Structures are given as structure tokens and as C-alpha cells.
Amino acid sequence: MKNYEGLAASPGIAIGQAWIFRPQTPNIDTRSITEDEIKSEYRAFRNAQAKVDAHLEALYNRVLEKQGEHEAAIFESHRELLADEELENDIQALIRDERKTATAAVKEYLDQVAASMRALEDEYLRERAAEFEDLQNNLLLALNGLPFASLASAPPDSVIFAEDLTPSETAQLDVEKVRGFVLEHGGLTSHVAILARNLGMPAVMGMRNIMNEVRSGITALLDGDTGKLILDPDDKTRGLYTEKKAQQDAQKAEYAKLHGKPATTEDGKTFALYSNIGSPNDLHLIDENGSEGIGLFRSEFLFMENKQAPSEDQQYAIYRKVAEHMKGKTVILRLLDIGGDKPLSYLNFPKEENPFLGWRGVRLYKDNPEVFLSQIRAAIRAAAYGDLWVMIPMVISLDEVRWVKQQIAEQSVKLEAEGRNHNPHIKVGIMIETPASALIAEQLAQEAAFFSIGTNDLTQYTLAVDRGNTKISVLYDGLHPAVLRLMKMTCDAGRKAGIDVGICGEMGGQLEATPLLVGMGFNEISISGKMLPAVKYSISRLNAAACRELLDKAIAANDAEAVRKLLQDIKH
Ligand code: PEP
Ligand code: MG
């Protein structure tokens, strides 16, 4: 028996037989070609393009049938990248003007694209670099006449070991057969880690040199909660983990019993549980989680994905798709929240000393009327097809809310005159994510149709701790009584004014905070990723009256540690 430690990339316990995946490495021909060879290299590239396209189409159909549309979507997106005219033109230019072979041209062009994506600040876009590398690898395999890598031959009950997995390889993992996987590379936010979590497949990553340690067929036991890997475990260890796995399975079964039921405390107080999404690609979370609405649709990803802003019609199509998918359930679309850590290449961002305290969220709208108006028009139009509300980010004053509402009213009149279907009564609410907005919540409630607390920023601004600065991350703590006090003030102000108050920051999915959120009496709790069933289970075991008492003590506590001690006495 041998123990190893890696990164806990996707939770759960897996026990199976090790299966080693070692795809072939394609060769890059770096010589300079002659003029006579240009045509044959073009042809080689186009043949490779066609081969990869056919391969992606076959994968799409197979994954669609076995796993569903969401999992298959990645192959469609690779086909689109492959068919891009710019890609073809630029690769041909490298062959023609720089006399590169097709392999060298494909390598150089896609290396550059991937590198420029990796240089972006946004994590989501950085991860898209992996997609270009994936495509590059497939094109190079085809140009070398090598077979495409396939995980389809993994035997039943296997644990896969690989140096790394590309996004398309990960999407081929057969959840019926494969128990989990171990990678030498990969980080917690890598594409493959996100996919593994979406598939619910245990994974451990960043385990250097493991390929030299493991033999095919040996028993592998991995714990995706702690990042542990045990090869050839003894009977005692195996028994221990089998029991732990049984406990986890039992817990999942408990969660499953609550699927489709409301989140109600033992003394009868019900909370609506919503999901956070970043694009229509996340809609699968709604059915999987049993979400009752979307409490935060972060619209900025639509704007960050492209080199220019999406048009009104493009936005309208997307917002309408989301609204219709929800069939009358509430969708809270957050208006563009760009700036801070999320700049946009096509807007002129000034160099700022303190971007988080600078030109971000609602502060940008007046300076960018085209972008802003296209978004509100798209939203008002889409709101005719479902219960779509809009929410303003980074508010600190009543004037900001009044101004946005004024613009919405003006655009509604225009849409009416244009004879376009729209909803002039769209609800306009605000995010409470600055201390200023929490402190004047009573005043803001005169204009806002609802509040949603963004605890990520509220914590950052209340404690003056940069949310992304790892050096001071121990200070970034939403359980600080100052943050809780502002949250409670917001809830009380909303209740007094008779408007809905929700929460959409990450705290919504933090189980340790659930009793405090129950104590605050939110109308709606919007949760990221797959934590919703666990939060619901936790709520079902809590007593709302006891949580209210606990909250009163928590806001009077000296620090976050004291709050944690109070929380220990509450079982859930
Ligand atoms: C927040 O600040 O809590 C929030 C939900 O917004 P974002 O994380 O997108 O800034
Ligand atoms: Mg925020």
C-alpha cells in the first residue's frame, strides 16, 4: 500500500482498477517548405480539418446520446472554432508567406491564440485557452495520420491515470464505467476540474510523477474530498473508505428525497432556493438542483467572450431563451457589471490605482450609452416571455437607481412606438454589495423593487479586504459581525418596505452560514454550482426561531471566530 497527496479537484470517493491513458504525441515538422509544396500543405491542412470535423461530429452524437445536450455542447463549440474563417486564413498565410509546414503553422497559430487567452484576467476566458489547445492537438494528430485519443476503451470500474486530459477527452468519460481519475497536471479551476465536478466524478489532480508509480490493473482508491490517493490499499483502509463512500451515498439519497420539494425549516418557514448562472450553458443546473428560479444571471460573460459587445438582438435572443426555459419562474438578470477585476477590451478603461473602487458596475452606464441601452432594451423585450427582472450592480445612491429606471421607462416608450413586444413593467431591483447601500437600504427601498445581497463584494468593501488577494485572504470572512450586521439591516429595511430580499453572493452556498441566512429571513437564497440540495437539507433540519436568536447574538459578537463558536451549537 502506498499513499500520495494531490489537489482535491472534484469530491467523492472512488475505488477501482487503475487504467493508464497515454495519448500519442504528434510530430511538428519545422523545416521550411518550397513554393511547390504550398498547395500540398494547404491540402493536408484542409484534409485534417475535415477529419477533425468528422471526429467531433461523431463525438457529439455519441455524447449526446449517452450523456445529454449539455455535455455534448463542447464538441459543437470546437466545430465552430474549427470552421472559423480567420483560423483558416491565418494558417494558410503562415504556410504561404512564411513557408511553414501545415503542422508548424497549426502549432504556431493556435499556440498564439491560446497564449493570448491565457493572458486575460478573467478566469473563465483563461480556461477557454484549453479548448484551442485541444483543437490544436486534434489537428496535429490528423496531420500526422495518428488516431484520435479515446477514453472509450476504459474498462468498467476503472480509475483513469493521465498526465492531463483535454476538455474533449474529459467529456468522453463514461460515468457508467469510470469511477474517477488522477492527473499529473491540472489545477482546481482548470477546465477539466470544472467538468469533473459537473459530472459528479471524483478527481485528484496536480499529482506529479504518478504515471511512473502506477501500474495498470492495480487497485486505486481516491478521495476527491481530501486529495488523497492510495495504491494497492490494505483491507483495513479499503474497508474504511468503503464505509465513508456508503455514508456519502446515503447522504446523496437524503438530498434526492427533497428534490422538487420546498426548503422548509422544521418550524415551517419556507425559503425559495434559486441558482446563479453565467450563461444559458448553465441552465442544466436548474433541473439538476431543482432550483425555483435564477437569482443571479451574470450578464458580463456575454460581453467578455467576444471582441465586441453583443448586439441588442443577440442579447435579446439569449435573455429570452433563459426566460422561456424557466417557464414563468423568476430570472434576475444582473445588468452589466464590468470593471474592477473584469475589464472589457473594447471599452476604454482608464488605468486605475484602485479598480475595485473605480469605474465599475452602474458607474459605467452613462459613459457608454450604446452598450447600456442595448442591454436594457434586450431585457425589456425578453421580459415579455417570462418573469425576467433586472438588477443594478454596485449601487451607492438613490440617484443611480432613479436614473436607470428613467432610462428603462424611456426605452419602453420607444419600443412601444416601434411596435415591438416588450414588458414595460419589468421589475428593477438592486444589488446590495456596498456598505453605503446597506446603510441607506431604507431610502433605497423607495425606488428598488427588490434587494439582492452580494456578499462577495459586501465582504470586500466592508472589511477593506481585496477579495482576490491571497496574502490577506484569511481576513476575507463573511462571518465577520460587521458584514452580518449590514446584511441584517438590509433584510429589516426590505421587510419594512414590503419588498423581496434575496442573497446571491457565495455565502448562499456556504453551509456554515445557512443558520444565519435562515435567521435573516431571506425571501430567496441563490446558490452557485451544485450546493443547492445540501443547503436545502440543512434548512430542513433547522429551526427558524432558534436561528433568529442566534443571529442576534452573532451581530453582537466580537469577531468571526466568536460567530463560528455560536454556530457550533446549532445542529444541521
Ligand atoms: C457579489 O458581489 O456578491 C456578487 C454576487 O457579484 P460578483 O461576485 O459577480 O461581483
Ligand atoms: Mg459583486
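Taking the conditions exactly as written (aliphatic (A, V, I, L, M), closer than 30 Å to residue 504 by Cα and in contact with a Ser or Thr (Cβ under 8 Å, 6 or more places away or on another chain)), does residue 231 satisfy them or not?
Values: aliphatic (A, V, I, L, M): yes; closer than 30 Å to residue 504 by Cα: no; in contact with a Ser or Thr (Cβ under 8 Å, 6 or more places away or on another chain): yes.
Spelling it out, it is not the case that residue 231 is aliphatic (A, V, I, L, M), closer than 30 Å to residue 504 by Cα and in contact with a Ser or Thr (Cβ under 8 Å, 6 or more places away or on another chain).
Scan segment 538-572 for residues that are assigned to a loop (DSSP other than H, G, I, E, B) and either in contact (Cβ under 8 Å) with a residue 40 or more places away in the chain or among the hydroxyl-bearing types (Ser, Thr, Tyr) (or both) and jot them down.
541, 542, 543, 556, 557, 558, 559, 570, 572
Which of the residues spanning segment 401-441 are in contact with a strand residue (DSSP E or B) (Cβ under 6 Å, 6 or more places away or on another chain) and within 16 Å of ligand 1 (Cβ to nearest atom)?
429, 430, 431, 432, 438
How about segment 366-380: which of its residues are open to solvent by 10 Å² or more (accessible area, probe 1.4 Å) and under 20 Å from residue 448 (Cα atoms)?
As a first pass, look at segment 366-380 and keep what is open to solvent by 10 Å² or more (accessible area, probe 1.4 Å): 366-371, 373-374, 377.
Selection gives 366, 373, 377.
Report yes if some residue within segment 531-541 is of a type in the set (Phe, Trp, Tyr) and touching a helix residue (DSSP H, G or I) at 6+ places or on another chain (Cβ under 6 Å); otherwise report no.
Step one: of segment 531-541, the residues of a type in the set (Phe, Trp, Tyr) are 537.
Pick out the ones that are also touching a helix residue (DSSP H, G or I) at 6+ places or on another chain (Cβ under 6 Å) and you get 537.
Yes, segment 531-541 contains a residue that is of a type in the set (Phe, Trp, Tyr) and touching a helix residue (DSSP H, G or I) at 6+ places or on another chain (Cβ under 6 Å).
In the list 500, 477, which residue meets the criterion of being touching a Phe, Trp or Tyr at 6+ places or on another chain (Cβ under 8 Å), away from ligand 2 (no atom under 16 Å from the Cβ) and either modelled with pLDDT under 95 or on the phi < 0 side of the Ramachandran plot (or both)?
Working: 477 fails: touching a Phe, Trp or Tyr at 6+ places or on another chain (Cβ under 8 Å).
Checking each option against the conditions leaves just 500.
Quick check on segment 442-456: of everything there that is assigned to a helix (DSSP H, G or I) and modelled with pLDDT of 95 or more, which residue is nearest to ligand 1 (Cβ to nearest atom)?
Filtering segment 442-456 for residues assigned to a helix (DSSP H, G or I) gives 442-444, 455-456.
Restricting the remaining residues to those that are modelled with pLDDT of 95 or more gives 442-444, 455.
Working: 442: 21, 443: 21, 444: 16, 455: 5 Å.
Looking at residues that are assigned to a helix (DSSP H, G or I) and modelled with pLDDT of 95 or more, I get 455.
List every residue pair whose Cβ atoms sit under 6 Å apart, with the two residues 6 or more apart in sequence or on different chains, where the first one lies in segment 381-398 and is in a helix (DSSP H, G or I) and the second, anywhere, is of a type in the set (Val, Ile, Thr).
The qualifying pairs are 383/426.
So which residues in segment 264-278 are hydroxyl-bearing (Ser, Thr, Tyr), open to solvent by less than 20 Å² (accessible area, probe 1.4 Å) and within 15 Å of residue 331 (Cβ to Cβ), if there are any at all? Steps first, please.
Here is the first cut: in segment 264-278, the residues hydroxyl-bearing (Ser, Thr, Tyr) are 264-265, 270, 274-275.
Applying the additional criterion that residues be open to solvent by less than 20 Å² (accessible area, probe 1.4 Å) yields 265, 275.
Within segment 264-278, 275 is the sole residue that qualifies.
What pairs come out if I take residues in segment 241-270 that are of a type in the set (A, V, I, L, M) and pair them with residues that are open to solvent by 50 Å² or more (accessible area, probe 1.4 Å) whose C-beta lies under 8 Å away, six or more apart or interchain?
263/270
Examine segment 316-326 for a residue that is without any contact (Cβ under 8 Å) to a residue 12 or more places away in the chain, on the phi < 0 side of the Ramachandran plot and not acidic (Asp, Glu), and state whether such a residue exists. Show your work before the answer.
Step one: of segment 316-326, the residues without any contact (Cβ under 8 Å) to a residue 12 or more places away in the chain are 317.
Next, only the ones that are on the phi < 0 side of the Ramachandran plot stay: 317.
When the remaining residues are screened for being not acidic (Asp, Glu), the result is 317.
Among the residues of segment 316-326, at least one is without any contact (Cβ under 8 Å) to a residue 12 or more places away in the chain, on the phi < 0 side of the Ramachandran plot and not acidic (Asp, Glu), which makes the answer yes.
Looking at segment 272-349, what helices (runs of 4 or more DSSP H) fall wholly within it and have at least 3 residues that are within 13 Å of ligand 1 (Cβ to nearest atom) and under 21 Å from residue 505 (Cα atoms)? Before the answer, list the steps.
Details: elements: 284-289, 300-304, 312-325.
Qualifying helices (runs of 4 or more DSSP H): 300-304.
From the set of residues in segment 323-336 that are under 20 Å from the mean Cα position of the chain (by Cα) and farther than 12 Å from residue 390 by Cβ, which is farthest from ligand 2 (Cβ to nearest atom)?
Filtering segment 323-336 for residues that are under 20 Å from the mean Cα position of the chain (by Cα) and farther than 12 Å from residue 390 by Cβ, the one farthest from ligand 2 (Cβ to nearest atom) comes out as 325.
Pick from segment 307-354 the residues that are polar (S, T, N, Q) and touching a helix residue (DSSP H, G or I) at 6+ places or on another chain (Cβ under 9 Å): which of them is modelled with the lowest pLDDT?
Filtering first and then ranking leaves 345.
Criterion first (open to solvent by less than 20 Å² (accessible area, probe 1.4 Å), touching a residue at least 40 places away in the same chain (Cβ under 8 Å), outside any helix (DSSP H, G or I) and within 16 Å of ligand 2 (Cβ to nearest atom)) does residue 508 satisfy it? Reasoning before the result, please.
Working: open to solvent by less than 20 Å² (accessible area, probe 1.4 Å): yes; touching a residue at least 40 places away in the same chain (Cβ under 8 Å): yes; outside any helix (DSSP H, G or I): no; within 16 Å of ligand 2 (Cβ to nearest atom): yes.
Against the criterion (open to solvent by less than 20 Å² (accessible area, probe 1.4 Å), touching a residue at least 40 places away in the same chain (Cβ under 8 Å), outside any helix (DSSP H, G or I) and within 16 Å of ligand 2 (Cβ to nearest atom)), residue 508 does not qualify.
Is it fair to say residue 395 is more than 15 Å from ligand 1 (Cβ to nearest atom) and surrounded by 20 or more Cβ atoms within 10 Å (Cβ to Cβ)? First the steps, then the outcome.
Values: more than 15 Å from ligand 1 (Cβ to nearest atom): no; surrounded by 20 or more Cβ atoms within 10 Å (Cβ to Cβ): yes.
Taking the combined requirement at face value, the residue does not satisfy it.
More than 16 Å from ligand 2 (Cβ to nearest atom), open to solvent by 10 Å² or more (accessible area, probe 1.4 Å) and either hydroxyl-bearing (Ser, Thr, Tyr) or at negative phi (or both): is that true of residue 466 in this structure? Show your work before the answer.
Working: more than 16 Å from ligand 2 (Cβ to nearest atom): no; open to solvent by 10 Å² or more (accessible area, probe 1.4 Å): yes; either hydroxyl-bearing (Ser, Thr, Tyr) or at negative phi (or both): yes.
The answer is no for residue 466.
Quick check, is residue 529 of a type outside the set (A, V, I, L, M, F, W, C) and in a helix (DSSP H, G or I)? Show your work before the answer.
On the way: of a type outside the set (A, V, I, L, M, F, W, C): yes; in a helix (DSSP H, G or I): no.
No.
Which one is farthest from the chain's Cα centre (by Cα) among residues in segment 446-463 that are open to solvent by 10 Å² or more (accessible area, probe 1.4 Å) and more than 12 Å from ligand 2 (Cβ to nearest atom)?
446
Do we find that residue 520 is open to solvent by less than 10 Å² (accessible area, probe 1.4 Å) and either outside the structural domain of residue 294 (by the TED database) or among the hydrophobic types (A, V, I, L, M, F, W, C) (or both) in this structure? Walk me through it before giving the result.
Details: open to solvent by less than 10 Å² (accessible area, probe 1.4 Å): yes; either outside the structural domain of residue 294 (by the TED database) or among the hydrophobic types (A, V, I, L, M, F, W, C) (or both): yes.
Answer is yes for this residue.
Residue pairs, Cβ under 8 Å, 6 or more apart or interchain, first in segment 447-463 and assigned by the TED database to the domain that holds residue 495 and within 11 Å of residue 499 (Cβ to Cβ), second assigned to a helix (DSSP H, G or I) and open to solvent by 10 Å² or more (accessible area, probe 1.4 Å). List them.
That search, which allows pairs on different chains as well, returns 447/398; 447/402; 447/405.
The values are calculated or read from the model by the stated rules, or taken from the named source; none is laboratory data. This is a predicted model, so every value here is computed, not measured. Reconstructed Cβ throughout: ideal geometry from the backbone, glycine too, with neighbour counts over all protein chains shown. Protein only, heavy atoms only, side chains kept; ligands, DNA and RNA dropped before computing areas. Shrake-Rupley method; radii C 1.70, N 1.55, O 1.52, S 1.80 Å.
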